[in-house]
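Only one structure is covered here, and it is reproduced in the block below.
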Amino acid sequence: MYRSVLVVVVFFAAACKGGANAASAANSNSVASGTPVTAHISDTGAAVPGPTSTTQASAPGSAPANRVPNEMGRIMVLEYHLITDHNADYARERGQFRKDLELLYNRGYRPVNMSDVLDKKLNLPRGLSPVVIVFDDASPEQFRYIENNGKLDIDPTSGMGIWLDFRKTHPDWNNKAVFCLLSGAAAGHNFFGDRGVQGQKSNWRFRKVKWLADNGFELCDHTLWHAQLNKYPDAFVQEQIARNALAIDSAVPGYKIRSMALPQGLWPKNRALASKGSWTNPKTGKTVTYDWPVVFEVAGGPMRSPYDPAFNPGKTPRIQVIGNAIENMINKLEQAGNMYISDGDPSVIARPAVGSTATATTPGAKR
Ligand SMILES: [Zn+2]
């Protein structure tokens, strides 16, 4: 922790800011970009009438109407930070967060873990779309306890409290979301609060992380204290990542981490170290290794389907939840007709039929 004294300033001066442009500039995953790669996918769009405002047409709990299965389509990976009392680039007001969940639900989205994407286990009912929701920085605003006569309850005003309350009225909204954790940053960004920050006790930290894993959520590495990995030598980069992985393992022994999120979207000079590396504790001589397929960037649009040959989890783009970003992206995907929509059959990959529009509208055409 001696190093985090310096980091207090660095972390909150920068807190996830500034990296977005760096990460997104070269990303080729934008929606409806008209790139040759997506050309075949947008064929489906022409067959889908009324791409927007499908919400009213559907009964509660059912998929919006007119959703043609397309398991080659794009998947949104949403990125949240604080869930709190105001909206900002790195904060979502609580009521707005609840509205986000409602919007996603009504537009046909259901949460999945990134590991479900990796494993191609997106077993959603026909007509529904997966969405990966990621919470960065392990703040108490995301997951806070309240102590009632020695019993710990999840604070209903924390992000997790709002999530669980939403589930009460939306039972098919599963406990699936990815928490990209810090275990040694300042001001409570240490497994959701320590040393009295927002009333959180240090000895609740591991319990929260374990609760997440036990209840279906996915754990992800976000470095020890949010170090800007581009600034440091290889050994330091690996120490930041490996020591955090070790902390997660201490909270949930044997947990298999499959993803990390780059603080501020900044890659280390040696990019490979984001997903694979090792660190030897100089005191004990013990070596910690890490090796995972997913590296989350901070921006870049929706990711490709795991069935798309260009799917590249080692450079997974995300969508920062700012303003109307979610609704805008849903509209964009619907208009382009290139979002992932399940066919409800895990044994079949629904692909948009190339040229289906042409053959359907030209009866008698030579085959
Ligand atoms: Zn962060």
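Yes/no matrix, rows are residues, columns are (1) within 17 Å of Ile146 (Cα to Cα); (2) of a type in the set (Gly, Ala, Ser):
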residue: Ala185; (1), (2): no, yes
residue: Phe192; (1), (2): yes, no
residue: Leu224; (1), (2): no, no
residue: Lys231; (1), (2): no, no
residue: Phe236; (1), (2): no, no
Using the structure shown, decide if Gly300 is in contact with a strand residue (DSSP E or B) (Cβ under 7 Å, 6 or more places away or on another chain), open to solvent by 10 Å² or more (accessible area, probe 1.4 Å) and within 16 Å of the ligand (Cβ to nearest atom). yes
Picked from segment 127-150 (must be away from the ligand (no atom under 16 Å from the Cβ) and part of a loop (DSSP other than H, G, I, E, B)), the residue farthest from Arg318 (Cα to Cα) is Asn149
Please go through segment 169-184 and pick out each residue that is open to solvent by less than 10 Å² (accessible area, probe 1.4 Å) and more than 16 Å from the ligand (Cβ to nearest atom). Trp173
Looking at Asn123, Asn106, Asn66, which one is open to solvent by 10 Å² or more (accessible area, probe 1.4 Å) and modelled with pLDDT of 95 or more? Asn106
Unmet requirement for Trp267, which otherwise passes all of (1) within 16 Å of the ligand (Cβ to nearest atom); (2) open to solvent by less than 30 Å² (accessible area, probe 1.4 Å): (2)
Answer from Ala261, Ala272 - the residue that is over 30 Å from Val348 (Cβ atoms) and buried (at least 21 other Cβ atoms within 10 Å of the Cβ): Ala261
For Asp249, all conditions in the list (1) surrounded by fewer than 15 Cβ atoms within 10 Å (Cβ to Cβ); (2) under 16 Å from Glu218 (Cβ atoms) hold save one; what is the number of the exception? (1)
Sort through Asp153, Asp100 and tell me the only one that's open to solvent by 10 Å² or more (accessible area, probe 1.4 Å) and away from the ligand (no atom under 16 Å from the Cβ). Asp153
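The values are calculated or read from the model by the stated rules, or taken from the named source; none is laboratory data. Treat the numbers as computed from the prediction; the structure is a model and nothing was measured. Reconstructed Cβ throughout: ideal geometry from the backbone, glycine too, with neighbour counts over all protein chains shown. With ligands, DNA and RNA removed, areas are computed over all heavy atoms of the protein, side chains included. Shrake-Rupley method; radii C 1.70, N 1.55, O 1.52, S 1.80 Å.
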